[in-house]
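Student: Quick one: structure below, then a few questions.
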Amino acid sequence: MDIQNQNLDIVWVDNDAALAKWCEYWSTLSFVAVDTEFVRRTTFYPVTGLIQISEGKQAVLIDPQTIADWSPLRALLVNEDVMKVFHACSEDLDVFDHLLGVLPTPFYDTQIGEAFASAQWSLSYVKLVKAYLDIDVAKDETRSDWTLRPLTDAQKRYAALDVIYLAEVYPMQVERLIAKNMLDWVLEDCESLKWQYLQNNDAEQNWDGVKAAWRLSPKGLTLLRLLYLWRDERARANDTPRGQVLKDRTLWALAKFMPDNARDVGKTEEITPKQVRLYSDTVLEKIALVNELSADEYQKPLPAPLPSEAGDLSKAMRAYSKQLAQQLELAPEVVLKRKLLDPLMRHVYEGSPMDWSNPAFNGWRKDKVVAPLLEKFAN
C-alpha cells in the first residue's frame, strides 16, 4: 500500500492549554500509542524534539520546546487505567524519565509482544506494520534533527505514522497473545524492561561491569568504584557523555596503577591533556582516600570469568533453551537472554547461590525456563 496517498489527521500542540485538553481526552481511553523523537550526540541526557500520541484516529504532535506545564502528560503516563503502547521503548523510557521524572505505567512494547506472538525477535516497526497492516512505512526521516524548527511536512508525516499505525497494530497483536495465553507474559517482560532500565541507570549497580574489572585487586576495585561513581555524577551534572569525562579503559588503568602525581596521571591509557588538567586533582584525591582505608574496607574481589571448560555447559544450556523456545513457540532470545545465562551457569558450575532479585527470573520464565534448566543441569 502506498502511504503517500493516505490522508492523515495530524494535530500540532504547542501550548499548555491544548496539551491539557488532549490529556483529558486520552485519560478516558483504554490505551494510547506513544513515541518520541530526540537527539543525543554530545549530551548525557536525550534532547527531546517531539512527542507523538495517537488513539488510532488522530496523531497529536507535542512540541516540547513550547510546553511549560507538563503535569497533565505526567499524570497520563502514570494513569493505571490507560495503557501506554510503544515499540522498542528503551530510549523512550529515558526521554520521559529525564523530561518528566516518571516512567510510563502501565506500558506495553509491541516489539516485546511480537517475540511472543510470532517468535520474531527485535522486529522493526517497519516490518511489524507490514506484517499486520500490509503497509510499507518509509523511514526516510530517521536521521532528522528533531530539535530544529519549523519541522517539515515530511517530518510531521513520518512522526505521525509512528503512532497511527502502532495504535492499529496493538489490539491485533493482543488478540494473538490472548489466543496463545501469553498476554500476561508480555506484560511481565515489559515491567522487567523497566526494572532493567533503572538498573542500567544506577551507577552503583554498574561500576563492576567495567571490562576486566575482575582482574583488579580489592584495593583497585575500591578506587574503580569511587572513580566510576564520581564520573557518573560529573557526566550528569555537565550533561556530558560519560566517555567524554573519562573512558572505562582509563578508569581501569587508573585503578590498576594508582598514580601518585599529575604527571603519571597523564600517562594513563586514553587520557587527554584536557582531561588531565580538569580531573587529575580529583583522581589523586580519590587515590589518597583509598590509600587511607584499611584492607577490610576494600571491595571484595569480583568472580573471574568461568573457565573454558564451562564452554560445553554453555552450549548445552543454550541448545536446551532453544528446545524450550520451540516448544513454547517463542523467539529463543526471549526465553534466555545473555544476562540471564551467566548467573544460571555459575549456579550450576560453581554452586553459587541464585540471585532472584531480577524479575526476569521470576514470573512465567521461572516455571517455564529456569526450573527446567536447573532440573536438567544442576543435578
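Student: Let me know the charge dipole size of the chain about its Cα centre in debye, to the nearest 20, where only the beta-carbon of Lys, Arg (+1) and Asp, Glu (-1) is charged. Write out the running numbers ahead of the final one.
Tutor: Numbers: 44 positive and 56 negative charges, 288 e Å.
Rounded to the nearest 20 debye, it is 1380 debye.
Student: Something else now. If I fit a long axis through the Cα atoms of helix 16-26 and take the longest principal axis of the Cα atoms of the chain, what angle between them do I get, 0 to 90°, rounded to 10?
Tutor: Approximately 80 degrees, to the nearest 10.
Student: Mind listing the long-range amide H neighbours of G49? Cut-off is under 5 Å, sequence gap 5 or more, other chains count too, H placed in the peptide plane at 1.01 Å from N.
Tutor: E37, F38, V39
Student: With all protein chains present, how much of the accessible area of the stretch 153-266 (probe radius 1.4 Å) comes from carbon and sulfur, to the nearest whole percent?
Tutor: Working: 2540 of 5360 Å².
The C+S portion of the solvent-accessible surface of the stretch 153-266 is 47 percent.
Student: Next question. Please report the net charge: other residues with Cβ closer than 10 Å to the Cβ of A159, K and R +1, D and E -1. Spell out each step's value before the answer.
Tutor: On the way: positive: K156, R157; negative: D35, E37, E141, D162.
Combined, the nearby Lys, Arg, Asp and Glu give -2.
Student: Next up: Would you list, by chain and number, the lysines whose Cα falls below 18 Å from the Cα of K194, excluding same-chain residues fewer than 8 positions away?
Tutor: Cα-Cα hits under 18 Å: K84, K337, K339.
Student: Now for a different question. Can you give the net charge of the other residues whose Cβ lies under 12 Å from the Cβ of L19, counting K and R as +1 and D and E as -1?
Tutor: Summing Lys/Arg as +1 and Asp/Glu as -1 gives -3.
Student: Give the label of the value calculated from the structure for semi-axes √(5λ) of the Cα gyration tensor in Å, choosing from (1) 41, 31, 17; (2) 40, 27, 19; (3) 35, 30, 18.
Tutor: Working out semi-axes √(5λ) of the Cα gyration tensor in Å from the coordinates points to (1).
Student: Within the set of other residues whose C-beta is less than 14 Å from the C-beta of P303, count the net charge using Lys and Arg as +1 and Asp and Glu as -1.
Tutor: Working: positive: R215, K300, R346; negative: D208, D342, E350, D355.
Local charge sum for P303: -1.
Student: Build a GNM of the chain with springs between Cα atoms under 10 Å: which of S144, S54, S122 gets the top mean-square fluctuation?
Tutor: Ranking S144, S54, S122 by mean-square fluctuation puts S144 first.
Student: I'd like to compare 295-302, 334-341: which one has the highest average count of other Cβ atoms within 10 Å, and what's the full order after that? Spell out each step's value before the answer.
Tutor: Numbers: 295-302: 12.4, 334-341: 16.8.
Highest mean packing first, the order is 334-341, 295-302.
Student: According to the square roots a ≥ b ≥ c of the eigenvalues of the Cα gyration tensor, what is the shape class of the stretch 3-44, taking rounded for a/c under 1.5, prolate for a/b larger than b/c otherwise, and oblate for the remainder?
Tutor: Details: a/c = 1.82, a/b = 1.20, b/c = 1.52.
Note, shape of the stretch 3-44 comes out oblate.
Student: Another question, if that's okay. Checking the a/c ratio against 1.5 first, then a/b against b/c, what shape does the Cα gyration tensor give for the stretch 187-261? Don't jump to the answer; show the numbers that get you there.
Tutor: Values: a/c = 2.99, a/b = 1.67, b/c = 1.80.
Verdict is oblate for the stretch 187-261.
Student: Taking Cα pairs under 8 Å and at least six residues apart, what relative contact order does the chain come out at, in percent?
Tutor: This gives 15 percent for the chain.
Student: Now a separate question. Given contacts defined as C-alpha pairs under 8 Å and at least six residues apart, what's the relative contact order of the stretch 257-344, whole-number percent? Could the numbers behind the result be given before it?
Tutor: Values: 27 pairs, mean separation 15.0, N = 88.
Averaging sequence separation for qualifying contacts and normalising by length gives 17 percent for the stretch 257-344.
Student: A further question on this structure: What are the ³J(HN,Hα) couplings of the stretch 356-364, residue after residue, when phi is run through the Karplus curve with 6.51, -1.76, 1.60 and θ = phi - 60°? Round to Hz, x for glycine and proline.
Tutor: With the stated coefficients, the stretch 356-364 comes to 8, 5, 6, x, 5, 7, 10, x, 4 Hz.
Student: So who's got an amide H within less than 5 Å of the one on Y108, skipping anything under 5 residues away but keeping other chains? H placed 1.01 Å off N, in plane.
Tutor: K84, V85, F86
Student: Right, here's the next one. So how tilted is helix 218-238 from the main axis of the chain? Cα-based, degrees 0 to 90, rounded to 10.
Tutor: 40 degrees
Student: Next question. Tell me which trypsin sites (Lys or Arg not before Pro) from the stretch 230-270 have a DSSP coil assignment and no more than 13 other beta carbons within 10 Å of their own.
Tutor: Within the stretch 230-270, the qualifying trypsin sites (Lys or Arg not before Pro) (loop, at most 13 other Cβ atoms within 10 Å) are K267.
Student: Right, something else. Considering amide H positions built from the backbone, and no H for Pro or chain starts, which residues 5 or more places from V11, or on another chain, come under 5 Å of its amide H?
Tutor: Hits under the 5 Å cutoff: A59, V60, L61.
Student: How about the stretch 1-106: which trypsin sites (Lys or Arg not before Pro) there are in a DSSP loop, with at most 11 other Cβ atoms within 10 Å of their Cβ?
Tutor: Values: sites: K21, R40, R41, K57, R74, K84; in loops: R40, R41, K57.
Hits after loop and neighbour filter: R41, K57.
Student: Using only Cα atoms, find the angle between the long axis of helix 248-257 and the longest principal axis of the chain, and express it within 0 to 90 degrees, rounded to the nearest 10.
Tutor: Compared with the principal axis, the helix lies near 10 degrees.
Student: If you don't mind, there's one more thing I want to ask. Classify the stretch 115-242 as rounded, prolate or oblate from the Cα gyration tensor: take a ≥ b ≥ c as the square roots of its eigenvalues, call it rounded if a/c is under 1.5, otherwise prolate when a/b beats b/c and oblate if not.
Tutor: Details: a/c = 3.30, a/b = 1.58, b/c = 2.09.
Cα axes put the stretch 115-242 in the oblate bin.
Student: Could you give the distance between the Cα centres of the stretch 279-309 and the stretch 97-176, to the whole Å?
Tutor: 44 Å
Student: Taking only protein heavy atoms into account and a 1.4 Å probe, give the accessible area per residue of the stretch 244-378 in Å². Walk me through the numbers before you get to the answer.
Tutor: On the way: 7950 Å² over 135 residues.
With all protein chains present, the stretch 244-378 gives 59 Å² per residue.
Student: Compare the Cα positions of F38, T28, L227 along the charge dipole of the chain (+1 at Cβ of Lys, Arg; -1 at Cβ of Asp, Glu; about the Cα centre) and return the one farthest towards the positive end.
Tutor: Farthest towards the positive pole: L227.
The values are calculated or read from the model by the stated rules, or taken from the named source; none is laboratory data. For clarity, every value in this text was computed on a predicted model and none was experimentally measured. Cβ coordinates were reconstructed from backbone atoms using ideal geometry, including for glycine residues, and neighbour counts include every protein chain displayed. Keep in mind that these areas ignore ligands, DNA and RNA; they rest on the heavy atoms of the full protein, side chains included. Shrake-Rupley method; radii C 1.70, N 1.55, O 1.52, S 1.80 Å.
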